[in-house]
Amino acid sequence: MASKVKKILLVDDDDIFLVLGTITIEKLFPDAEIFTVPHGEEALEFLEETDVDIMFLDLNMPILDGWEVLEELAKRERKRMAIFVVTSSIDPSDREKANSNPLVYDLIEKPLDESNIKSAIKKKRASRSK
Amino acid sequence: MDASQLLESINQNINEGIYRSDERGLIYVNHAFAKMFGYPSEEEVLSRSSLKLYKEPSERARLVEKLKAFGSFENEEVTLLRKDGQEFDALISSVIYEDANGKIFWDGAIRDVTELRETSRLAKASDRLLQNISTNINEGIYRSVLGKGVIYVNDEFVRMFGYGKPEEIYDRKVIDLYLNPGEREKLVEELVEHGAISNREVELKRKDGSTFWGYMSSIKTEGENGAIYFDGAIRDITKQKESDEALKYYASMQKVLINLSSEYINMPVELVDESIVSSLEELGKFVNADRAYIFEYNLDSQLYSNTFEWYRKGIRSVIDECQNLRMDQYPVLVDNHLEGKPVFIPDVSLLEEKESREMLQSQDIKSLITVPMMSDDQCMGFVGFDSVRNFRSYTEDEILLLKVTAEILVNIVTRSRNQKQLEKLLVTTNMQNKRLKDFSYITSHNFRSSVANLIGLANVLESDPTNKEYLGMLKTTTSKLNDAIDNINELLNFENEVSRLEPENVNLLETVNGVLELNNQIIKENEIEIKTDIEKNMIINGSTTYLISIFNNLITNAIKYGTVEGSKKIEISAKKLNKEILVMIKDHGLGIDLGRFKEKVFKLGSRFHSRESEGQGMGLFMTKQQTEAMGGRIDLESEINKGTTFKLYFNG
């Protein structure tokens, strides 16, 4: 998989998370180009110009939150990408919503580290091969 | 038939006694004569001495002397005697003659007037009786002539119409006696056509112009020369009519009360308020008042307010002027109510206590009545009725019925109040639950993000322990964690306080100035221009702590997000509305796109500015909660690149 991933977008309003997340993702996808934006609106603008292979999307953000980004993307025609919702929310309704959204591969709870990214990707592959 | 035969025939057939007599005695009598004196035949009469025919025998000599002196007399009244000795009154007419020999004789006619006398005596007696009746009965008796007017009235008639003597009435026009002249014309038409009217209710007019209700009967009679008389009687039924009307009045008032009580028994609470007003309308119209209202006392805060009001079309509503009045302000009303007594003021202008008088006069009230609403010996408020157009007095019975009304209303208001409290409690509890749930998610989110960052930072610092950048991030993260803990405290305190929030009177200007003082440093550093326009003695009924928190939030928000280079003005103003005080905090900064974000502005965890990510989405959420906890509301206007205005409405 790693060889196919060329561009990754990280969307979060937390500067520190963006720094730490970038470090983690660089280790997993050393060849990929990593982009960061601080909220949903900038994410959508970015995606207008650039196709990415993976997007890590925070839910709770100013201006436009993660759910609103997903709503907007559902209306757009775009290249297929793997979207992982990343959150520190414990609201069970967030997990239900993520599971039922066809665009979302999986929900990853913060902190974002190598192991939970790997297990999310594995889970997706398993469900797809069924 | 010769002349002497004719004469004899007449003599024998007429009813008068005819006779011829000379000085010695009777020479001739006719049949009627004999019959009149009770003799079986004329012969028997002639055989008797004519002196025996008189009650006083001397009478004969007197009459003969009169004849001799005057030659004749007419209708001399004498008392005569029948054969059986019974007396009778008679009128005698006679003429004296002289025959060829110079001898005198006389002819005469006697009319028995006993019957006539009796009739006239009876007539006199009945006249007197009529007179007596006329004078002594309680009805006004009259005779009037069509086309002429009244020609006779009795004493009662004179009294009834308030005149001094009958002649005053004879000089008047008949229509002056009627309130409505058309009515007299109608009655006359009917009398002429049908001959009689009976027991008509007519409104009549006294000499002084006052009116009364009369019961009138009359018959038409035709007199000589075709004159038409109306004879009639009038009875004054004003009293009867008044008591009839009073009876009707009470009956319908009871109906109003029964409606009132039965209407509410099963009424859903959400409809109660509306129908209290319509009941006030019904009662108000019933007692012919111009306003009907309910005031409720709040014994804890010692304030009272007009909570329901009906007012007549064309009369001014005063409910807005009557909010949060101090209970010690108008003792005339309040003190009596607290003792359970109704207050009736027949003439407001005569009230001695100046403050109450002026307040009532400012509402154009002439008379008013208020009845306390008592619940278990406690006065909850009062029901009242204002008279603005006219003065109004109330009878004991009416006051009693109003008391019953007040009792019914107490039950209704208590029931509705309890139910509303219950509903409010439910809403508050639900809101509190939701708030706590939302809050626990958002705080845990905030905690977990910080903790996640701490874990990540710990990892990177392990491999690069001297990295200054990571150490800076560590510091930021820990202080964010601290903020999250502070927020938990704030919210928990809010939940505790909201349940026992005691409203107090807070000076608005002092509070705002205090908040500005707190932020003095940051205002100076950022060269922000603050302009306040608040009246010195403006009071908000609420909590000082909340108000400080609210203004602090909104002012620091305005400083952080509402100022841009070259536009650093923040305006804080307040004005008094009807029942509320409106406070506006206006900036000229970037503004918020309300088309997109209106729904999210006050939501927990919402943020609008990515420029500085220190916000946790707590500020506006708490501001709204605190404003609403004090019974206020918050709204905002905003335009992108022009600025934002927050509008707060508080209880004044």
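Among the residues making up the range B:16-58, those that are farther than 21 Å from B:PHE105 by Cα and touching a residue at least 40 places away in the same chain (Cβ under 8 Å) are B:MET36, B:PHE37, B:GLY38, B:TYR39. Looking only at residues of the range B:452-490 that are in contact (Cβ under 8 Å) with a residue 24 or more places away in the chain and facing chain A (nearest Cβ under 8 Å), we find that the one that is surrounded by the most Cβ atoms within 10 Å (Cβ to Cβ) is B:ASN453. Among all residues of the range B:533-541, there is at least one that is in contact with a Pro (Cβ under 7 Å, 6 or more places away or on another chain) and crowded, with 16+ Cβ neighbours inside 10 Å. Of all residues in the range A:38-49, none that is at positive phi has its Cβ atom under 8 Å from the Cβ atom of a residue that is modelled with pLDDT under 95 and among the aliphatic types (A, V, I, L, M), 6 or more apart or on another chain. Look at B:LEU67 and say whether it is assigned to a helix (DSSP H, G or I) and not assigned by TED's automatic domain parsing to the domain that holds B:ILE18. Criteria not met by B:LEU67. Of all residues in the range B:357-382, those satisfying the criterion of being of a type outside the set (Gly, Ala, Ser) and assigned to a strand (DSSP E or B) are B:LEU368, B:ILE369, B:THR370, B:VAL371, B:PRO372, B:MET373, B:MET374, B:GLN378, B:CYS379, B:MET380, B:PHE382.
Here B:LEU91 qualifies as outside the structural domain of B:ALA227 (by TED's automatic domain parsing), among the aliphatic types (A, V, I, L, M) and either in contact with a strand residue (DSSP E or B) (Cβ under 6 Å, 6 or more places away or on another chain) or in a strand (DSSP E or B) (or both). Please specify each residue of the range B:421-441 satisfying the condition of being more than 8 Å from every other protein chain (Cβ to nearest Cβ) and either among the basic types (Lys, Arg) or surrounded by 17 or more Cβ atoms within 10 Å (Cβ to Cβ) (or both). Hits for the range B:421-441 are B:LYS424, B:LYS434, B:ARG435, B:LYS437, B:PHE439. Taking the range B:77-92 as the range and being touching a helix residue (DSSP H, G or I) at 6+ places or on another chain (Cβ under 6 Å) and more than 10 Å from B:LEU53 (Cα to Cα) as the test, the residues that pass are B:VAL78, B:PHE88, B:ASP89. For the range B:551-652, no strands (runs of 3 or more DSSP E) sit wholly inside it while including 2 or more residues that are at pLDDT below 90, surrounded by 20 or more Cβ atoms within 10 Å (Cβ to Cβ) and charged (D, E, K, R).
Scanning the range B:26-43 for residues that are outside any loop (DSSP other than H, G, I, E, B), surrounded by 14 or more Cβ atoms within 10 Å (Cβ to Cβ) and of a type outside the set (Val, Ile, Thr) turns up B:LEU26, B:TYR28, B:HIS31, B:ALA32, B:PHE33, B:ALA34, B:LYS35, B:MET36, B:GLU42.
Spot the failing condition for B:ASN288; the list is (1) surrounded by 13 or more Cβ atoms within 10 Å (Cβ to Cβ); (2) polar (S, T, N, Q); (3) closer than 22 Å to B:LEU401 by Cβ, and only one is missed. Of the numbered conditions (1) surrounded by 13 or more Cβ atoms within 10 Å (Cβ to Cβ); (2) polar (S, T, N, Q); (3) closer than 22 Å to B:LEU401 by Cβ, the odd one out for B:ASN288 is (1).
Counting only helices (runs of 4 or more DSSP H) that fall entirely inside the range A:1-118 and contain at least 3 residues that are away from every other protein chain (no Cβ under 12 Å) and surrounded by fewer than 18 Cβ atoms within 10 Å (Cβ to Cβ), the qualifying elements are A:40-49, A:66-75, A:92-100.
The values are calculated or read from the model by the stated rules, or taken from the named source; none is laboratory data. Nothing here was measured: the structure is a model prediction, and the numbers come from that model. Cβ coordinates were reconstructed from backbone atoms using ideal geometry, including for glycine residues, and neighbour counts include every protein chain displayed.
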